[in-house]
1. Could you give me the residue pairs with C-beta distances under 7 Å whose first residue belongs to the stretch 40-63 and is farther than 14 Å from Arg100 by Cβ, whose second residue is β-branched (Val, Ile, Thr) wherever it lies, and which are 6+ apart or on separate chains?
2. For Gly41, state whether it is closer than 22 Å to Ala208 by Cβ and out of contact with any Leu (no Cβ under 6 Å at 6 or more places or on another chain).
3. Any residue in the stretch 186-212 that's outside any helix (DSSP H, G or I) and at pLDDT below 95: show its pairings with residues that are among the small types (Gly, Ala, Ser) and open to solvent by 30 Å² or more (accessible area, probe 1.4 Å) at Cβ separation under 9 Å, as long as the two are six or more apart or on different chains.
4. Counting only residues that are on the phi > 0 side of the Ramachandran plot and without any contact (Cβ under 8 Å) to a residue 60 or more places away in the chain, how many does the stretch 64-84 have?
Amino acid sequence: MTTTPSVLTRLGRDYAFVLPGFFISLFAFVLLVPLFTLALGTAVIWIGVWLLPLVLLVAAGFAELSRNRVRLWGGRLDQPAYRRGGTGINGSLRYLTDPRRWLDLLFETLIAFPVRTLTFVVSVAWTAGALGGTTYVLWGHYLPRGEQEYPLAAGMLEALTGGAIPDAVATSYAVESVVNLLIGVLFLLTLPAVMRGLALLDASTTVAALGAGPAPGYPMPAGPRVA
């Protein structure tokens with residue numbers, strides 16, 4: 001019998017997969033791009049010829065970390081085969097003829113970083129909206145105000161009612177707190193689905209770029225099996 005993980009369990013697993021991915025890809029980007037640029041710039045004096053294999057090895061290491069993160073999250077990803085290198089200049093040059101290693105470099109520099117930046121920003125913003133809205137009544141009163149004390153609730157009520165509600169009610173802190181609470185609850189209720197979508201975006205992109213081929217099934221983590 002297959003049991004479905006609880007919502008909190010899935011949410012925690014999605015957070016653990018999405019949030020660290022940004023920092024890992026950021027580190028990979030700032031390391032690989034300068035190394036690759038240096039290797040290209042010094043290739044004419046043969047330094048880059050020795051440096052390029054090192055860049056590809058580092059990229060392959062980051063790619064393997066990406067695969068392991070997908071597997072730890074629960075996704076299915078087949079291990080690709082790499083062309084073996086060797087010792088000396090000829091052995092190092094074999095790395096340069098391996099399309100898989102170049103794909104690893106392409107993924108870790110031009111694909112993973114933008115995708116994981118997007119998933120990180122959306123996850124943080126959605127979480128902030130959920131937590132900020134549901135707790136607004138506790139801290140919203142301390143925010144600095146302009147001429148109109150609570151513009152969010154007043155603007156929404158005016159748009160919905162055509163100005164039928166008196167300004168004294170529409171601009172009150174109580175109404176503003178209720179509006180923010182409703183918005184926060186909406187963000188909170190949709191948070192598991194949003195985080196699952198962001199995790200699937202990251203995992204699916206990784207599987208498509210770094211897998212050995214089409215994975216046997218969608219990269220959705222399965223529930224634990226119990227007797």
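1. Hits for this filter: Ala43/Val49; Gly48/Thr42; Leu51/Thr42.
2. no
3. Ala212/Ala81
4. Qualifying residue count, the stretch 64-84: 0.
The values are calculated or read from the model by the stated rules, or taken from the named source; none is laboratory data. Worth saying up front: this structure is predicted, and the values here are computed from it rather than measured. Every residue, glycine among them, receives a Cβ derived from its backbone with ideal geometry; neighbour counts consider all protein chains shown. Ligands, DNA and RNA are stripped out before the accessible areas are found, and what is left, the full protein with its side chains, is counted by its heavy atoms. Shrake-Rupley method; radii C 1.70, N 1.55, O 1.52, S 1.80 Å.
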